[in-house]
Amino acid sequence: MKPPRKLHIKSYGCQMNVYDAQRMVDTLAGEGFVETVHADDADLVILNTCHIREKASEKVYSELGRLRAAKEDAARDGREMKIAVAGCVAQAEGEEIIRRAPVVDVVVGPQSYHHLPQLLRRAQHGGRAIETEFPADDKFGFLPQPRPDAIRARGISAFVTVQEGCDKFCTFCVVPYTRGTEASRPAEKIVDDVKRLADNGVREITLIGQNVNAYHGEGLDGRSCTLGRLLHRLAEVPGIARLRYSTSHPNDVDETLIAAHRDLPALMPFVHLPVQSGSDRILAAMNRKHTVRDYRNVIDRFRAVRQDIAFSSDFIVGFPGETEEDFSATLALVTQIGYAGAYSFKYSPRPGTPAAEMRETVSAADMDERLARLQELIDSQQSAFNKAAVGATVDVLFERAARNAGQIVGRTAYLQPAHVMAQLDIVGQILPVRIESLERYSLLGELAPSPHAHVSRSVPSQISIGA
Ligand code: SAM
Ligand code: SF4
């Protein structure tokens, strides 16, 4: 029997890349590859890349520099190491990658990685293989299902892609170019995936998509299905205790999604709803197709059906033309909404996007200063949100042994890590935990005496609720 070949895969960027990396591992398991955590002894290294900001793209080239040395060492030991670049940089730059980094053997875009086995064969004996077309075949129809042992090894929480691509064309964003137009998977396939995951110990599912609430796949009745209806169906799958979804666009929040939050206890009251800016002028220049008021109305609709709901968001500072007044409007919106956390980024011009042509750029110093102010505000809101959990009893879904001996870590409904001293057999269970203290972003507590006691958590009073 041939010894297994070793595969090392490194993923950058979003949750969808984490999901794609797992599916690449599943695809290559059929070719006799097993995963290794070390790049140096791997027969195949895949960099699953992100193109969303310049910094993310450039990381790939510095990593390829390091891998060149590893590949040369392997050759000196009589081993062959293949290097593949997958993901959105592969899609956006194609052949250019091999020109800049001749160490690369395979370049494969995010819609074509089900062809990895064939591409690797084409790249044998010093050849190169590049595939960055949007193929006519749907990759999901070709990807092998993960093996039960692989599902178990990945833990009790899993991502499932339900839609890909985006038709929104925000002027700063490369996603519509790298991931293609919006496409949704049929509900039946998603239900099958979730059942298989649940049968192998998964308790929490996060449905993912670049614009997940634009989901409109074929429903079980043959008609178009919304994300809200899909969530209703998935809540019935035995074993699934928690459902989440990410990332949503404010314009695609429909009544079925609001109803899902009203009706489904398994649907966690924590929504990532990016707004990008608090200025209508900037939102228009970004082509977001909604105003600040529209966004606030969407937040209010969620809050009307679930008082304990909390939000996170994404912000871009220093978009071309952003004035101090525009930026102040962003701070005002953050203050008004009160977030449990948020991501904020300096605007990064992406080649080929309309915003990259805009002339009125914001200086690096202004961007740095605005980012620092915004992050300070968001951090203070996040701290207040976390502090409000101290003294409360909250439900925690336990995930794994923590770094400290005897501690088990899980997550609250709001994705806050929570640590308790307990036996490992609580992994996979949702148990009430009395929170005693806060250490940076982690909650520390002890298991509450009765497993049935459940005190629901309300939005912290320090955070004002938007009008
Ligand atoms: N679809 C989601 C939405 O509509 O908000 C977000 C998808 S994008 C992968 C994640 C985040 O990256 C965006 O919300 C935005 O804040 C940030 N981002 C995208 N393009 C960017 C750019 N050119 N410069 C800085 N940040 C960017
Ligand atoms: Fe990018 Fe999101 Fe805008 Fe689509 S909706 S273009 S993914 S930022």
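The values are calculated or read from the model by the stated rules, or taken from the named source; none is laboratory data. Just so we're clear, the structure is a prediction, and the values are computed from it rather than from any experiment. Cβ atoms come from the backbone with ideal geometry, glycine included; neighbour counts cover every protein chain shown.
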Taking the stated definitions as given, is residue 115 part of a helix (DSSP H, G or I), free of Cβ contacts under 8 Å to residues at least 40 places away in the same chain and either in contact with a helix residue (DSSP H, G or I) (Cβ under 7 Å, 6 or more places away or on another chain) or of a type outside the set (D, E, K, R) (or both)?
yes
Quick check: is even one residue across the stretch 346-364 within 16 Å of ligand 2 (Cβ to nearest atom), within 23 Å of the chain's Cα centre (by Cα), more than 23 Å from residue 202 (Cα to Cα) and of a type in the set (Phe, Trp, Tyr)?
yes
What number of residues within the stretch 270-290 are away from ligand 1 (no atom under 15 Å from the Cβ) and within 25 Å of the chain's Cα centre (by Cα)?
1
Which residue, of 192, 221, is without any contact (Cβ under 8 Å) to a residue 24 or more places away in the chain, over 18 Å from residue 263 (Cβ atoms) and not in a loop (DSSP other than H, G, I, E, B)?
192
Of the residues in the stretch 109-135, how many are exposed (fewer than 14 other Cβ atoms within 10 Å of the Cβ) and more than 28 Å from residue 197 (Cα to Cα)?
6
Counting only residues in the stretch 140-182 that are without any contact (Cβ under 8 Å) to a residue 40 or more places away in the chain and either within 21 Å of the chain's Cα centre (by Cα) or within 16 Å of ligand 2 (Cβ to nearest atom) (or both), the one nearest to residue 242 (Cα to Cα) is identified as 153
The one condition in (1) assigned to a loop (DSSP other than H, G, I, E, B); (2) crowded, with 20+ Cβ neighbours inside 10 Å that residue 394 fails to fulfil:
(1)
Right, residue 298: in contact with a strand residue (DSSP E or B) (Cβ under 9 Å, 6 or more places away or on another chain), at pLDDT 95 or above and within 15 Å of ligand 1 (Cβ to nearest atom) or not?
no
Taking the stretch 235-269 and keeping residues in a strand (DSSP E or B), more than 16 Å from ligand 1 (Cβ to nearest atom) and surrounded by fewer than 22 Cβ atoms within 10 Å (Cβ to Cβ) leaves 242
Looking at 230, 207 in this structure, which one is buried (at least 20 other Cβ atoms within 10 Å of the Cβ), more than 16 Å from ligand 2 (Cβ to nearest atom) and either modelled with pLDDT of 95 or more or under 19 Å from residue 272 (Cβ atoms) (or both)?
230
Test set (1) within 12 Å of ligand 1 (Cβ to nearest atom); (2) assigned to a strand (DSSP E or B); (3) buried (at least 16 other Cβ atoms within 10 Å of the Cβ) - residue 314 fails condition number
(3)
Of the residues 161, 171, 178, which is over 30 Å from residue 318 (Cα atoms) and within 14 Å of ligand 1 (Cβ to nearest atom)?
161
List the number of the failed condition for residue 385; all other conditions in (1) within 16 Å of ligand 2 (Cβ to nearest atom); (2) closer than 20 Å to residue 272 by Cα; (3) assigned to a helix (DSSP H, G or I) hold.
(1)
In the stretch 181-206, anything hydrophobic (A, V, I, L, M, F, W, C) and closer than 23 Å to residue 134 by Cα is listed as 183, 187, 190
Any chance residue 188 is acidic (Asp, Glu), touching a Ser or Thr at 6+ places or on another chain (Cβ under 9 Å) and more than 16 Å from ligand 1 (Cβ to nearest atom):
no
If we keep just the residues of the stretch 172-189 that are assigned to a loop (DSSP other than H, G, I, E, B) and surrounded by fewer than 18 Cβ atoms within 10 Å (Cβ to Cβ), which is modelled with the highest pLDDT?
186
Since residue 351 meets every condition but one in (1) within 11 Å of ligand 1 (Cβ to nearest atom); (2) in a strand (DSSP E or B), which condition does it not meet?
(2)
Quick one: which of 384, 405, 365 is modelled with pLDDT under 95 and farther than 30 Å from residue 167 by Cβ?
405
Does residue 332 satisfy the condition of being surrounded by fewer than 16 Cβ atoms within 10 Å (Cβ to Cβ), within 16 Å of ligand 2 (Cβ to nearest atom) and either closer than 22 Å to residue 170 by Cα or not β-branched (Val, Ile, Thr) (or both)?
no
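Conditions tested, residue by residue: (1) at pLDDT below 95; (2) part of a helix (DSSP H, G or I); (3) among the aromatic types (Phe, Trp, Tyr).
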{"site": "6", "(1), (2), (3)": "no, no, no"}
{"site": "16", "(1), (2), (3)": "yes, yes, no"}
{"site": "19", "(1), (2), (3)": "yes, yes, yes"}
{"site": "24", "(1), (2), (3)": "no, yes, no"}
{"site": "38", "(1), (2), (3)": "yes, no, no"}
{"site": "41", "(1), (2), (3)": "yes, no, no"}
{"site": "48", "(1), (2), (3)": "no, no, no"}
{"site": "56", "(1), (2), (3)": "yes, yes, no"}
{"site": "59", "(1), (2), (3)": "yes, yes, no"}
Looking at residue 356, is it part of a helix (DSSP H, G or I), within 11 Å of ligand 1 (Cβ to nearest atom), surrounded by fewer than 20 Cβ atoms within 10 Å (Cβ to Cβ) and of a type outside the set (Phe, Trp, Tyr)?
yes
